[in-house]
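In what follows, a structure is listed as structure tokens, so that the remarks can point back to it.
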Amino acid sequence: MQKTLLERIERVADDVVSLVLRGDEGQLAPWEPGAHIDLALPNWLTRQYSLCGDPGDLAAHRIAVRLDPLSRGGSEYVHLHLRPGRTLEVSLPRNHFPLRPAAGYLFLAGGIGITPIVPMMRAAVASGADVSLVYAGRSASSMPFAADLAAAYGDRVRLFDRGRPDLATLTAGPGTEVYCCGPASMLDAAEAVFPRVHVERFQPVRRTFGPDTAFEAGCARSGVTVPVPADESLLDALNHAGRRVPSACREGVCGSCQVSVLDGEPEHRDDIGAPAGRMYPCVSRSRSPRLVLDL
Ligand code: FES
């Protein structure tokens, strides 16, 4: 984790505030467009937010937070209690939504889903690619950064301030990469229209899996074997056995609990897409009776 000082908090749309977090101990870790951080709140909650500032500025991170009417304490705390001058810890940036080199980009954003798209759009335009953005919200005043984007990129930006357009009317030519971030319904619609779309999810997709079964996890470095009962996650079993694995979302969307798998066959249940040889133990389990982890 890195210590930051909350330098500024300002309203950027209805129910959306932007936070500038200045590194408290020198430069912050570098990041690429599409990355997010975990923000550790003083009420012991940890939440994930996309970085929406300038990757070239390692002195400060910028994020934006929408007040969720169903807040479980994260966004509500940010909006009601956080004030400039507070020291806050943030994780190193992680990126499950990287910008791939392409001749063209079609960005689709809904509401607060615009946050990772802001630096991605800037980098894509700077690369000389053919870029367009479709940005939808329920009203103009609810859409953070809309005016700035329209001013910076002109007719490459199409704003829809009365809800989402029919994505089936959009086209992406050969060589164009499509990126989408927004509410789950928008991500689902984008996946239906563009099979190769890159999406960033902050909530898990509802899916069903086979019944949870017991297995064991061997920790290669310590030589300890941890039994994982059917009614406990691998993450909880490891933590209860004293093998501390950091975690944040516990829903398979943030990536903070990633561990390396040395042997056995994980059953991946995350929404990130675990890289080869890795898994997310907060949600994923095992198809084999034993997994061996690099712990
Ligand atoms: S804690 Fe977020 S992916 Fe496991």
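Each value in this text was obtained by applying a stated rule to the coordinates, not by laboratory testing. All values reported here derive from a predicted model rather than from experimental measurement. Methodologically, a virtual Cβ is constructed for each residue, glycine included, from the backbone with ideal geometry; neighbour enumeration extends over all protein chains shown.
Tabulated data for the structure shown
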{"item": "Taking the chain and dividing mean pair separation by its residue count, relative contact order in percent (alpha carbons under 8 Å, at least six apart)", "result": "14 percent"}
{"item": "Stretch gain in nm, segment Val205-Ser139, where the contour uses 0.36 nm per residue and the Cα spacing is subtracted", "result": "21.2 nm"}
{"item": "Intensity falloff of the chain expressed as log10 I(q)/I(0), Debye formula with alpha-carbon point scatterers, at q = 0.07, 0.13, 0.15 Å⁻¹", "result": "-0.29, -0.97, -1.21"}
{"item": "Exposure proxy ranking, count of Cβ atoms within 10 Å, fewest first, for Met186, Met1, Met143, Met120", "result": "Met1, Met186, Met143, Met120"}
{"item": "Segment 1-77, relative contact order [Cα under 8 Å, separation at least 6], %", "result": "29 percent"}
{"item": "Relative exposure of Arg243, Arg221, judged by other C-beta atoms within 10 Å (fewest first)", "result": "Arg221, Arg243"}
{"item": "Segment 2-90: Rg to Rh, with Rh as the Kirkwood radius over Cα pairs", "result": "0.93"}
{"item": "Rounded to 10°, Cα long-axis angle of helix 114-126 versus longest principal axis of the chain", "result": "70 degrees"}
{"item": "In sequence order, calculated HN-Hα J values of segment 41-50 (Karplus, 6.51, -1.76, 1.60; Hz; x Gly/Pro)", "result": "8, x, 8, 6, 8, 10, 10, 9, 9, 5"}
{"item": "Fraction in percent of alpha-carbon pairs per bin - 5 Å, segment 104-200", "result": "3, 14, 28, 27, 19, 7, 1"}
{"item": "The chain, helix-only ellipticity at 222 nm - DSSP H runs n ≥ 4, -39,500 (n - 2.57), divided by all residues, nearest 500", "result": "-4500 deg cm²/dmol"}
{"item": "Top of Gly23, Gly154, Gly73 by mean-square fluctuation, Gaussian network on the chain, Cα under 10 Å", "result": "Gly154"}
{"item": "In nm, spacing of pseudo-spin labels at Arg287 and Asp130 (7 Å Cα→C-beta vector)", "result": "4.0 nm"}
{"item": "Average Cα contact separation per residue, segment 149-289, under 8 Å, 6 or more apart, as relative contact order %", "result": "17 percent"}
{"item": "Order of Asp148, Asp38 under a 10 Å beta carbon neighbour criterion, fewest first", "result": "Asp148, Asp38"}
